[in-house]
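Below: one structure, written as C-alpha cells.
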Amino acid sequence: MPNFDELVKGHFLTLGLTGNTENNFLFYIMDNNKQISYEVKLTVPFHDLDPMHIVWHGNYLKYFDIARFGLFSSAGIDLYEFYKKTNYLFPLTKTSTKHIIPLQYNDAFTCKATVIEAQIKIVIDFEIRRLDGGDICTKGRGEQVAVKYPEMEIMFEIPGEIRKALGF
C-alpha cells in the first residue's frame, strides 16, 4: 500500500473539513488536477473602455460572468431552472480581481473559469490572457453560496446535484 507522500506526489491537494460524527472530524482530500474549467474567447469592444482607453475595471467582472455561466452551462447546470425547481439561489458573496496588464480596444483574449471548490460554497478562479502573446492580464476569484428562497436562509452545503455536476 503506498504511503501518503507517494499518493500526493505531483498533485495539488485541498484538505477540507466535511463534518463531525461524534467528535471525530471527517476530512476530504480533493485532487485539484481534475478541476473543471471553461474558456471563452472574447474581443474588447469600444464601449468597455474608460477615458484612459483601457478596459474599465468593472467590465472584468462581466468577462468573469460570461466564463462562469459558460462553465455552468458546459457542466449541464442552468441556475435559473434549478431555482425554479428547488427555490435555491446562488448569489456571489465575494469577488476579487488582480489587474496585471490592462486590456485595450480590440484586444482578443480568453477568459478561463476553473472550479476550485463546490462543497460548502462554489469557488471559481478566473484568468484573462491576451491571445497575442499569451500574457496574463487579470486574475480573479468569485465565491457563491446556496440560499433557500424565500426564507433567504444560507445553506452550509451546495446541493448534491450541483456538487456532482461541478466534480465534487
| task | Report whether or not Ile124 is in contact (Cβ under 8 Å) with a residue 40 or more places away in the chain, crowded, with 21+ Cβ neighbours inside 10 Å and in a strand (DSSP E or B). | result | yes
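Evaluate the following for Thr86: is it touching a residue at least 24 places away in the same chain (Cβ under 8 Å), touching an Asp or Glu at 6+ places or on another chain (Cβ under 7 Å) and farther than 20 Å from Ile36 by Cβ? Can you show your working first?
Details: touching a residue at least 24 places away in the same chain (Cβ under 8 Å): yes; touching an Asp or Glu at 6+ places or on another chain (Cβ under 7 Å): no; farther than 20 Å from Ile36 by Cβ: yes.
So Thr86 fails the test.
Restricting to segment 41-58, count the residues that are in contact with a helix residue (DSSP H, G or I) (Cβ under 8 Å, 6 or more places away or on another chain) and surrounded by fewer than 17 Cβ atoms within 10 Å (Cβ to Cβ).
1
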| request: Among the residues of segment 33-47, write down those that are under 12 Å from the mean Cα position of the chain (by Cα) and among the aromatic types (Phe, Trp, Tyr). | output: Tyr38
| message | Can you confirm whether Ile122 is closer than 28 Å to Glu151 by Cα and among the β-branched types (Val, Ile, Thr)? | response | yes
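Could you count how many residues in segment 84-117 are at positive phi and surrounded by 15 or more Cβ atoms within 10 Å (Cβ to Cβ)?
0
Laboratory data are not the source of any read-out in this text; all were calculated from the coordinates shown. Every value quoted in this text rests on a predicted model; they were computed, and no experiment measured them. Note that each Cβ is placed from the backbone with ideal geometry, even for glycine, and that neighbours are counted across all protein chains shown.
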